[in-house]
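In what follows, a single structure is set out as structure tokens and then discussed.
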Amino acid sequence: MFITEEDYKVVIGNDALKVITQTDEANRANAEAEAIEEISGYLRPRYDCVATFAAEGEQRNRQIVMYTCDVALYHMVSAMPQKMGYEIRKERYERAIKWLEGVQAGKIIPDLPAPTNEEGDTPGGTTIFRSESKLHHTW
């Protein structure tokens, strides 16, 4: 899997992780798969998500690892009775989504692989046109 138990130690303690996952590996695997798909929805237009989430060890983007953990933990906490620890998980989830929206808008450029076509070439990207705001001269 893309996320290891060691990766969770950056964002949550080991005992808290056991409580949140309800000591069921299937719960954790399901939440991680949901998190990867949710993050891929934001990254897919600009980046190669298959290559991003197939990376292992030090080849992984550390920020994507952290945000994947945050999103997975948010989904796990949401399924718990009385939503124990929900506030901090919600805050970290919202921060992850805000970062992903910045990536999607092109304001944040993470170090991720670009999509490639069958020949291995990077296809031309989307051109974004912008202009200055309209001037209003009032004399």
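The values are calculated or read from the model by the stated rules, or taken from the named source; none is laboratory data. Everything numeric in this text was worked out from a predicted model, so none of it was measured. A quick note on method: Cβ atoms are made from the backbone with ideal geometry, for glycine too, and the neighbour counts reach across all protein chains shown.
Data for the structure
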{"read-out": "Qualifying residue in the range 44-51 (condition: touching a residue at least 24 places away in the same chain (Cβ under 8 Å), aromatic (Phe, Trp, Tyr) and in contact with a helix residue (DSSP H, G or I) (Cβ under 6 Å, 6 or more places away or on another chain))", "value": "no"}
{"read-out": "Whichever residue in the range 11-31 is exposed (fewer than 15 other Cβ atoms within 10 Å of the Cβ) and of a type outside the set (A, V, I, L, M) and, among such residues, is nearest to ARG95 (Cα to Cα)", "value": "GLY13"}
{"read-out": "Scan of the range 28-43 for residues that are touching a residue at least 60 places away in the same chain (Cβ under 8 Å) and of a type in the set (A, V, I, L, M, F, W, C), ordered by number", "value": "ILE39, LEU43"}
{"read-out": "Which listed residue, of ASP7, ASP15, is closer than 25 Å to ASP111 by Cα and part of a helix (DSSP H, G or I)", "value": "ASP7"}
{"read-out": "Number of the condition not met by ARG89 [criteria: (1) out of contact with any helix residue (DSSP H, G or I) (no Cβ under 8 Å at 6 or more places or on another chain); (2) under 30 Å from ASN27 (Cα atoms); (3) modelled with pLDDT under 90]", "value": "(1)"}
{"read-out": "Residue within the range 63-77 that is of a type outside the set (A, V, I, L, M), outside any helix (DSSP H, G or I), surrounded by 15 or more Cβ atoms within 10 Å (Cβ to Cβ) and in contact (Cβ under 8 Å) with a residue 40 or more places away in the chain present", "value": "no"}
{"read-out": "Residue that is farthest from the chain's Cα centre (by Cα) [pool: residues in the range 78-105 that are under 16 Å from TYR8 (Cα atoms) and surrounded by 20 or more Cβ atoms within 10 Å (Cβ to Cβ)]", "value": "ARG89"}
{"read-out": "Any hit, the range 49-62, residues being in a loop (DSSP other than H, G, I, E, B), modelled with pLDDT under 90, farther than 16 Å from TYR8 by Cβ and not hydroxyl-bearing (Ser, Thr, Tyr)", "value": "no"}
{"read-out": "Residue within the range 32-41 that is hydroxyl-bearing (Ser, Thr, Tyr), modelled with pLDDT under 85 and either in a helix (DSSP H, G or I) or surrounded by fewer than 19 Cβ atoms within 10 Å (Cβ to Cβ) (or both) present", "value": "no"}
